[in-house]
Structure formats: structure tokens, C-alpha cells
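Contents: one structure, followed by commentary.
The values are calculated or read from the model by the stated rules, or taken from the named source; none is laboratory data. Everything numeric here is computed off the predicted structure, so don't read it as measured data. Methodologically, a virtual Cβ is constructed for each residue, glycine included, from the backbone with ideal geometry; neighbour enumeration extends over all protein chains shown. These accessible areas exclude ligands, DNA and RNA; they are computed on the full protein's heavy atoms, side chains included. Shrake-Rupley method; radii C 1.70, N 1.55, O 1.52, S 1.80 Å.
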Amino acid sequence: MPSFPKPKIPDAVIPPPLRKPAKPGSAGTPKGQAPSDLKESPERRSAGDKLLEVGKEAPIDALGWVDQRLAASGFLTGMLFRKVPKGTNWFYTLGSATLFAFIVQAITGVFLAMFYVPSATQAYSSIAHINNEVPFGQLVHGMHKWGASVMVILVFLHMGRTFFFGAYKYPRELNWVIGVVLLILTMTMAFTGYLLPFDQRSFWASIVGININGTGPVVGPYLSDFLRAGPELGATTLARFYAIHMLLVPGAIIALIGAHMYLVVKLGTTAPPWVKAERPKVAAPVSQLEAGANGNGRVNGDRAPGAPVDGEGNGAA
Ligand code: HEM
């Protein structure tokens, strides 16, 4: 198993007591003088200076306090500075873009829920109120409405990337399956959210959607009955769609994204298919060694005694 050099942790995230002191002669310290010699003696500093110093160190001290209790920095450093395969490119950002779209939907959704009324008689007027009277209401509503389409498009593009790069293969099959469930849940969010304004378009589109679900094999009719929540689409349907849209499915999505990310960090990402795997640096088969070959297609006599065999000890990535 190759051992990788440990990534350098930026000084800014290391709590001051754990930082290495600057070398004399570096960072503005004159040669021959320790950095501590330059500091003014504490009694000469004014109370304001001390307060400023405490204020400057406060965020990093607070972080250090939390970190000592959570021991999170080791995990975060490992996650944020992890190695990625050669050839990693912009297509690998589609998963994070989908995650970002989901976070935007969650934040804008919370603000919309403060003003939206999930009632058959008030839903439409509450949306009109958000758009026309609530400060930034139209912007937040617009972000949520267009963001839904953005998330659906991104999730498909991300799925396409993982499919065409072969990332569904061993050992990432489970992450693919989790992804499929995430795709279905994303579509459920888009479908249930569409009814919420309760205008003519959303009303009739939801009837079409529920009827399409009803044509599915075996579970189809049960599913459409469950979604309609009664003989006709009405107030109970709206309440049910709202509960699914803002409680059930987001909870499931958050849990599954957690599992998805855990597997991405644990297994690493797949190299693009056009990047050739490196030849494993294994010992030559015994038969070749007996014949005097060194496993690299050369006989031992071809290299100077003590010189490394090709591919060994040359720091190749
Ligand atoms: C809410 C939806 C989703 C989010 C937030 C999400 C997020 C991510 C992120 C951030 C990564 C790592 C970076 C990358 O490779 O892009 C990733 C990897 C992966 N995702 Fe998703 N994903 C979602 C849906 C899906 C779907 C629908 C599938 C497939 C059906 C899928 C399958 C995978 C696989 C197989 C990997 C591993 C990629 C590799 O090894 O190169 N994901 N996902």
C-alpha cells in the first residue's frame, strides 16, 4: 500500500498554542532574535491592546475549544485534503453542485414556509402575498421555483457523469443505489411542490401526475389513492403533499446525502475511464527471477549495482 505524504495544514486553522514558532530570521524576525523577544512586555500594553488581542484570538480559541471536544479537525483535514485521482475534472463538481442546489432549496423553503398557508382556500392568496408584499418574497419564491428545475437538471447530469465514468461499478454499487433513491426523492420533491401554489395549472398538472402514477404495475393504483388522499383532489391532497414536500422527503434526502457523502469520502472517487491504471509495483514472478530478469523486462545485469529498479523509489505519483 503506497504511503502518501501528509498534507500541510494551513497555519490559520491551527490554534496558536499548537503552532510552530517562526524561525529566527523569517517572518520579519531579525536573525539571532527569537520572535518572543520582539513582543512588548505585558505591563507596557494598554488595556485596549489586550482587548484587541483577545478579540483577534477569540474565534480561533472558540474553534480550538470545540475541536478539543469533537476531535473533528482530524476528520475534516482528512476529508478536505484527501487525494483525488489523476484526470479529475469539472464533471466531478456536478455532485457538489447538486448538493448546493439542495441547500439553496432548503434555505429558501424555510423562509417560504414562514408565510405559506397550506389550506385549499388560502394557499393561492398566501403565495400572492409572498410575491407582492413580503420583502424579497418574489426573489425567494423565484429562487425556490427555478432552483427546483436546476436541482432536477443537475441530478441527472451528475448521474450521467457517474454512469459514463463507470463509477457505479465495484465497490461503489451501494452508492449508485443510494443515488437512485435520491433521484426518485428529488423528483418527488418537484412533483409535490408543484401543487402547493394551488392555482389552475398546478391543480390540473397534479391530477395528470397522480393518474400517471396510477398506471404503474401492482402498486400504481394504491400509490395514486395514497397521493390523492380522497376520491377527488382537494384540501386533504394539499395537506398530504405539503407534509411529504417539507417533512418526509427532505428528511430522507438529508439522511441519504449523509450516507452518499460518507461513501464518497470512504471509497474515493473513480478515475476517468481514459486514465490508464498504473502498473502495480509487485515483485517479479519467481520463474523470471530464477531466469535472472528483474521484472521490468531487463536482466539484472543491465543496471548498475545498487541502482533502483525502474519505478521504485523515484517518487512517481
Ligand atoms: C441529491 C442528489 C445527489 C447529491 C447531492 C449527490 C452528491 C454527490 C457528490 C458531492 C459526489 C462526489 C463528487 C462527484 O463525484 O460529483 C457524488 C458521487 C457519486 N454519486 Fe451522487 N449525488 C446525488 C445523486 C446521485 C444520483 C442520482 C446518482 C446515481 C444514480 C449518484 C451516484 C453517485 C456515485 C456512483 C458517486 C461516486 C462517484 C465516483 O466514484 O466517481 N448520485 N454524489
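Kindly sort L267, L51 by accessible area of their heavy atoms, largest first, with the probe set to 1.4 Å. Spell out each step's value before the answer.
Numbers: L267 65, L51 130 Å².
Final ranking, largest accessible area leading: L51, L267.
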For the range 163-214: Kirkwood Rh in Å [reciprocal of mean 1/r, alpha carbons]: 13.0
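Give the calculated FRET efficiency between W204 and A62 to the nearest 0.05, with a Förster radius of 51 Å applied to their Cβ-Cβ distance. Provide the component values of the computation, followed by the final result.
Working: r = 54 Å, r/R0 = 1.05.
After rounding to 0.05, the efficiency reads 0.40.
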Listed peptides 52-65, 106-119 by packing density, highest first (mean Cβ within 10 Å): 106-119, 52-65
Potential lengthening between K50 and F100 on full extension [0.36 nm per residue; Cα-Cα distance subtracted]: 13.9 nm
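Over the range 90-267, with every protein chain in place, what whole percent of the accessible area is carbon and sulfur at 1.4 Å, could you tell me? If you can, show how the numbers build up before the last one.
Numbers: 7850 of 10460 Å².
Reported share for carbon and sulfur atoms: 75 percent.
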Solvent exposure of the range 90-267 as accessible area per residue, Å², 1.4 Å probe: 59
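Taking every eigenvalue of the Cα gyration tensor of the range 90-267, multiplying by 5 and rooting it, what semi-axes result, largest first, whole Å? Let's see the in-between values first.
Details: eigenvalues 184, 91, 31 Å².
Semi-axes (√(5λ), whole Å): 30, 21, 12.
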Residue-level accessible surface for D11, protein heavy atoms, 1.4 Å, Å²: 90
